[in-house]
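The values are calculated or read from the model by the stated rules, or taken from the named source; none is laboratory data. Since we're looking at a predicted model, the values are computed, not measured. Virtual Cβ from ideal backbone geometry, glycine too; neighbours counted across all protein chains shown. Quick note on the areas: whole protein, heavy atoms, side chains included, nothing else; ligands and nucleic acids left out. Shrake-Rupley method; radii C 1.70, N 1.55, O 1.52, S 1.80 Å.
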Amino acid sequence: MEDFMLDYELVFAVISGKVSSAINRRMSRDLHSEGLDITPEQWSVLMYLWQQDGVNQREIADATYKDKPSITRLIDNLEKQGLLFRKQDNVDRRTNKIFLTKEGKELHDKARATTLKTMHAALEGLSKEEVEQAQRLLRIVFRNMQDGSAKSNED
């Protein structure tokens with residue numbers, strides 16, 4: 001890769017989580033203003049279950065990049081809210097499968113509309129082409145970090 005100038009303030013904002021935190025704060029406000037009593041972190045668990053119901057905690061932790069204690073806490077709270085439940089795995093009795101309740105399933109459409117509203121606000125002022133390009137670039141960056149294929153500066 002050619003040498004190029006990095007905007008270190010932007011790099012700091014991305015690496016420190018500043019961008020993610022700003023979006024999470026807005027999403028939290030949007031969810032609550034729509035009467036949804038869930039956090040963005042809880043939404044990420046529900047989002048995974050809306051796509052694939054009946055998985056174990058490890059799968060949810062891997063998909064959401066959360067550690068085991070955080071996932072346990074999130075699932076405990078969502079279970080207390082009546083949005084999901086645990087059921088012992090028939091094959092491996094040491095693990096539980098996590099399932100959405102009727103209430104958890106019914107939350108999907110309203111939560112999806114609310115999070116889309118948040119993302120539209122975050123992407124305001126960008127063209128469709130710019131958003132698509134940003135998505136492509138972020139997928140590459142994420143894949144580089146996920147599979148360790150990013151080359152170090154020592155090369």
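Points worth noting:
- Single residue of the range 78-107 satisfying the filter (of a type in the set (S, T, N, Q) and touching an Asp or Glu at 6+ places or on another chain (Cβ under 8 Å)) that is nearest to GLN42 (Cα to Cα): GLN81
- Filter pass, LEU49 being of a type in the set (A, V, I, L, M) and within 17 Å of the chain's Cα centre (by Cα): yes
- Among residues of the range 54-85, those that are under 18 Å from ILE38 (Cβ atoms) and charged (D, E, K, R), counted: 5
Residue by residue, here is whether (1) modelled with pLDDT of 95 or more; (2) closer than 23 Å to GLN51 by Cβ holds:
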{"position": "GLY104", "(1), (2)": "yes, yes"}
{"position": "LYS128", "(1), (2)": "no, no"}
{"position": "LEU137", "(1), (2)": "no, no"}
{"position": "ARG143", "(1), (2)": "no, yes"}
{"position": "GLY148", "(1), (2)": "no, no"}
{"position": "ASN153", "(1), (2)": "no, no"}
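- For the range 65-83, the set of residues classified as assigned to a loop (DSSP other than H, G, I, E, B), of a type in the set (D, E, K, R) and exposed (fewer than 15 other Cβ atoms within 10 Å of the Cβ) consists of ASP67 only.
- Subset of the range 84-132 (residues that are more than 28 Å from ARG29 (Cβ to Cβ) and either open to solvent by less than 90 Å² (accessible area, probe 1.4 Å) or not charged (D, E, K, R) (or both)): PHE85, ARG86, GLN88, ASP89, ASN90, VAL91, ASP92, THR95, ASN96, LYS97, PHE99
- Some residue of the range 57-64 being in contact with a strand residue (DSSP E or B) (Cβ under 8 Å, 6 or more places away or on another chain) and either open to solvent by less than 60 Å² (accessible area, probe 1.4 Å) or among the charged types (D, E, K, R) (or both): yes
- Top-ranked residue of the range 43-61 - restricted to ones that are of a type outside the set (A, V, I, L, M) and in contact (Cβ under 8 Å) with a residue 40 or more places away in the chain, ranked as nearest to LYS105 (Cα to Cα): TRP50
- Selected residue (criterion: farthest from THR118 (Cα to Cα)) from residues of the range 7-21 that are of a type in the set (Gly, Ala, Ser) and open to solvent by 50 Å² or more (accessible area, probe 1.4 Å): SER16
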